[in-house]
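The values are calculated or read from the model by the stated rules, or taken from the named source; none is laboratory data. These numbers come from a predicted model, not from an experiment. Please note: Cβ atoms are built from the backbone with ideal geometry, for glycine as well, and neighbour counts cover all protein chains shown. Only protein heavy atoms, including side chains, enter the accessible area calculation; ligands, DNA and RNA are left aside. Shrake-Rupley method; radii C 1.70, N 1.55, O 1.52, S 1.80 Å.
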Amino acid sequence: VNYSLTNWSSYTNDAQPETLINTYKVSFGGFFRPDYKSYNNFLARNFYRFGAFYKTEPQTIAAEKIDNYGLNFGIGIPFIKQRKVSFANIGFTLGRRGAQTEITENYLRMTFGFTFNDDEWFIKRKYN
């Protein structure tokens, strides 16, 4: 669970004056990994991630605040690189921005990344 508050009302921009409101974000999430020691079931070794969020934007439309909310889903697929377990991560976000305003945006965001686990640089060498 995560909560953050940002004080945008004290922000000033002399080049383009604008009025911003304070924002907040509430999010929660977790993951599930069925069996990380499984040798015969590939799907049991994956990380399955999930989450949800609600946040407000600092801009307003016709004195109405812009809300942004959505759901997150992801999977971490393990692979072996140089005898270390690393992960390919795929994530999806389904969201809606500005639901109660004149402009409403539904979006789908896909992210893709890698996590390489290499702890050998922590080992002190005997010889240079």
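Between S38, V26, A88, the Cα set farthest toward the positive side of the dipole of the chain (charges on each charged residue's Cβ, about the Cα centre) is that of S38. At q = 0.12, 0.28, 0.29 Å⁻¹ the log10 of I(q)/I(0) for segment 21-84 amounts to -0.51, -1.12, -1.15, computed by Debye summation with a single uniform scatterer per C-alpha, solvent ignored. Just the number, please: carbon plus sulfur as a percent of the accessible area of the chain, 1.4 Å probe, no ligands or DNA/RNA counted. Carbon and sulfur together cover 56 percent of it.
For the chain, lysine pairs with C-alpha atoms less than 19 angstrom apart, excluding pairs fewer than eight positions apart on the same chain, total 6.
For Cα Rg over 2.2 N^0.38 Å, computed directly from the structure shown, the correct entry in (1) 1.53; (2) 1.10; (3) 1.02 is (1). Per residue, the accessible area of the chain comes to 79 Å², computed with a 1.4 Å probe over protein heavy atoms only.
Applied to segment 21-37, the Karplus parametrisation 6.51 cos²θ - 1.76 cosθ + 1.60 on θ = phi - 60° returns per-residue 3J(HN,Hα) values of 10, 5, 10, 9, 9, 10, 9, 8, x, x, 9, 9, 10, x, 7, 6, 9 Hz, with x for Gly and Pro. With bins 5 Å wide beginning at 0, the percent of Cα pairs of segment 56-128 falling in each bin runs 3, 13, 14, 12, 10, 10, 8, 8, 7, 6, 4, 2, 1, 0. Solvent exposure of S10, expressed as accessible area, is near 80 Å², computed with a probe of 1.4 Å over the protein chains only.
Taking the charge dipole of the chain about its Cα centre, with +1 at Lys and Arg Cβ atoms and -1 at Asp and Glu Cβ atoms, the residue from M110, F53, I75 reaching farthest to the positive side is I75. Here the chain is assigned +1 on the Cβ of each Lys and Arg and -1 on the Cβ of each Asp and Glu. Its dipole about the Cα centre then comes out at about 1080 debye.
For K55, the solvent-accessible surface with a 1.4 Å probe is about 60 Å², rounded to the nearest 10.
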